[in-house]
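Some notes on the structure that comes next.
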Amino acid sequence: MFDYKLLESLERVAALKSFEAAAQELNITQSAVSQRISNLEQRVGAILIQRGKNLTLTPMGQELANHAIKVKQLELELHHVLGENGVSHPLKIVINADSLATWWFKATESFHQQHNVMFDILVEDQSEGLKHLEQGLAMGCLCSSNKPLAGIRCEYLGSMEYRFYCSPQFKQRYFPKKQTQSELEATLTTAPAVIFGADDKLQKQQFQLWGLPTQFPYHICPSSEGLADMILNGQGYGILPVIQAEPFTDRLVDIFPEREGINVPLYWHYWHQSGSVLNKLSQVLVGEKTKGLIR
């Protein structure tokens, strides 16, 4: 049998990327955390953490950390079944940044009020989030993939519409008039775009579909709100959800009003257990209120 205090220490070091931060969260000394990890490594006969400038788990360490996360989730479900609502545990889920910035908290407000759940949210691009569920690092995942996973239930929530926006000043500088295809192609090789991160392929995919250049200068801003602010401030153009852009109709211009918007589907993947807290959260997410918020 494993000592779950040791597993918990390993999981926290992995999540926080720091022995010191893990010690503070667990309310023990840093040396105690190090001793726990050493004891666990002796127990399994393998190195679990690659120590260096950046702490990373070995494959064996990752398996044990994943097991610790699953045990935490099972404890949460057990407390829920027993009606011990005074006990709270984090619910580790993956959400794409745009949903988090627009509709997620409005949709889950009543759920949070009814259940003693602490969300432990990992933000990931909508095309990449499912990998965390596959690796056992999360209990639920909101993403654009409908890829089936063994033991995982998948629910379609709706689609978010995206469009290309910029500030009026930016449009005047780079898109002052209706352009021919060749003129537009030339403009897009110089006009700075704003993208969420290296995994954000939405703009390239859409440009490829439209026959436009897929190589263009861009800022990287790994924040949905920050990305919108950069576009509002005229630092670049980019793709925003229509529901995020609507409050700023006087400060944003649709660059391609004659073209169709980009519809990105959203799927909720989760561990399915009858009567579980995750099931109750899933019922909220597939409800009519959520569909109205996503639009």
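Observations on the structure shown:
- For the range 104-118, filtered to residues that are in contact (Cβ under 8 Å) with a residue 40 or more places away in the chain and surrounded by 15 or more Cβ atoms within 10 Å (Cβ to Cβ), the residue that is nearest to Leu16 (Cα to Cα) is Val117.
- Once the range 188-202 is narrowed to residues that are modelled with pLDDT of 95 or more and either crowded, with 18+ Cβ neighbours inside 10 Å or touching a Ser or Thr at 6+ places or on another chain (Cβ under 7 Å) (or both), the residue that is farthest from Asp250 (Cα to Cα) is Leu188.
- Residue in the range 187-205 that is assigned to a strand (DSSP E or B) and farther than 28 Å from Thr290 by Cβ present: yes
- Scanning the range 119-127 for residues that are within 30 Å of Met60 (Cα to Cα), in contact with a strand residue (DSSP E or B) (Cβ under 8 Å, 6 or more places away or on another chain), among the aromatic types (Phe, Trp, Tyr) and surrounded by fewer than 19 Cβ atoms within 10 Å (Cβ to Cβ) turns up at least one hit.
- Candidates Leu184, Leu227, Leu212, Leu278 - the one that is part of a helix (DSSP H, G or I), out of contact with any strand residue (DSSP E or B) (no Cβ under 8 Å at 6 or more places or on another chain) and in contact (Cβ under 8 Å) with a residue 12 or more places away in the chain: Leu184
- A search for C-beta distances below 6 Å between a residue of the range 51-65 that is surrounded by 12 or more Cβ atoms within 10 Å (Cβ to Cβ) and any residue that is of a type in the set (D, E, K, R) and part of a helix (DSSP H, G or I), counting only pairs 6+ apart in sequence or on different chains, returns Ala65/Glu11.
- Criterion (in contact with a strand residue (DSSP E or B) (Cβ under 7 Å, 6 or more places away or on another chain), among the aliphatic types (A, V, I, L, M) and free of Cβ contacts under 8 Å to residues at least 60 places away in the same chain) met by exactly one of Ile239, Ile262, Ile220: Ile220
- Within the range 238-295, tally of residues that are of a type in the set (Ser, Thr, Tyr) and surrounded by fewer than 16 Cβ atoms within 10 Å (Cβ to Cβ): 2
- Residues located in the range 26-53, provided they are assigned to a loop (DSSP other than H, G, I, E, B) and within 14 Å of Leu10 (Cβ to Cβ): Ile28, Ala46, Ile47, Leu48, Arg51
- Qualifying residue in the range 159-166 (condition: crowded, with 18+ Cβ neighbours inside 10 Å, in contact (Cβ under 8 Å) with a residue 24 or more places away in the chain and part of a loop (DSSP other than H, G, I, E, B)): no
- Flag for Gly151 being farther than 30 Å from Pro257 by Cβ, out of contact with any Ser or Thr (no Cβ under 7 Å at 6 or more places or on another chain) and surrounded by fewer than 14 Cβ atoms within 10 Å (Cβ to Cβ): yes
- Restricting the range 13-25 to residues that are in contact with a helix residue (DSSP H, G or I) (Cβ under 6 Å, 6 or more places away or on another chain) and either of a type outside the set (Asp, Glu) or part of a loop (DSSP other than H, G, I, E, B) (or both), the residue that is surrounded by the fewest Cβ atoms within 10 Å (Cβ to Cβ): Leu16
The values are calculated or read from the model by the stated rules, or taken from the named source; none is laboratory data. The structure displayed is predicted, hence computed values, not measured ones. When we count neighbours, we look across all protein chains shown, and the Cβ atoms used for this are built from the backbone with ideal geometry, even at glycine.
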